[in-house]
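A quick write-up on the structure given underneath.
Nothing in this text is a laboratory measurement; each read-out follows from the coordinates by a stated rule. As the structure is a computational prediction, the values presented were derived from the model and not from experiment. Please note: Cβ atoms are built from the backbone with ideal geometry, for glycine as well, and neighbour counts cover all protein chains shown.
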Amino acid sequence: MACSRRTKLLLLLWLRRRIRRRNTRRYWVHPIQQKRDSLGEFHHLYPQLIKDSEKFIKYFRMQKSSFSELQDICQDDLLKENTNYRKAISPIERLTFTLRFLATGESFQSLAFRFRLRHETVRRIVKETVQVLWRKLQPQDMPVPDKHSWEQIANGFQERWQFPLCAGAIDGKHVQLKAPVDSGSQYFNYKGHYSIVLMAICDAKSKFIVIDVGAYGSSSDGGYFKTPTSSNG
């Protein structure tokens, strides 16, 4: 019984300390974040980027028309209601720093300072927005090209780029991750870290014709499309 009372006392002291910390929080919204509408990167940089097509492409890695199309597709899914305590972050701002994250791999902490948001907010919104993009843009059908299709693709490289006997442009990217449990060296790549691989083949107009997502980082370039993953196109 004595031990039980002691345990209860310790729990009450711990709870009291947590409540004190919560009540002594310095800010409801940090002063840095309070000026997001005037000094945040989206609010002072985006209006300038929209006027300069070249700078826009360098920042987002896409043209303004592609950005507008994405915005239209995802608008309803990214729209949140304002509350009595704070104004909701607009769909276009959510899309902006998500695309910036995808284009550069910049850390959530860095984006949080630049857009004047909480680190946890940026991380949550990027995750939500990426899920929306994947759901909206996921190809319904991407059949592996047959002989006739490969010939058409090769003709496209010949006519558009004067590049003969080319049936596709292939490239990939290692996406760094923490080593999965009990994975051994499967995900360990030649760059010295653990990763999964994104691989894609494009035609002469930069259109994806075959994709593979999720191959082991240790795999060779020639082996990615020989052993399809569950996300293979």
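Of R86, R118, the sequence from fewest to most neighbouring Cβ atoms within 10 angstrom is R86, R118.
For the stretch 148-205, the set of trypsin sites (Lys or Arg not before Pro) satisfying both a DSSP loop assignment and a count of at most 11 other C-beta atoms within 10 Å is given as K178, K191, K205. Our summary gives the stretch 69-225 a relative contact order of 14 percent, counting only alpha carbon pairs under 8 angstrom and 6 or more residues apart.
Counting neighbouring beta carbons within 10 Å and listing from fewest to most, the residues V132, V144 come out as V144, V132.
How do Y190, Y59, Y46 rank when sorted from fewest to most other Cβ atoms within 10 Å of their own Cβ?
Lowest count first: Y190, Y46, Y59.
The Rg/Rh ratio of the stretch 32-137, with both radii computed over alpha carbons and Rh defined as the Kirkwood radius, is 0.94. Think of each Lys and Arg Cβ as +1 and each Asp and Glu Cβ as -1; about the Cα centre, that makes the dipole of the stretch 166-223 roughly 180 debye.
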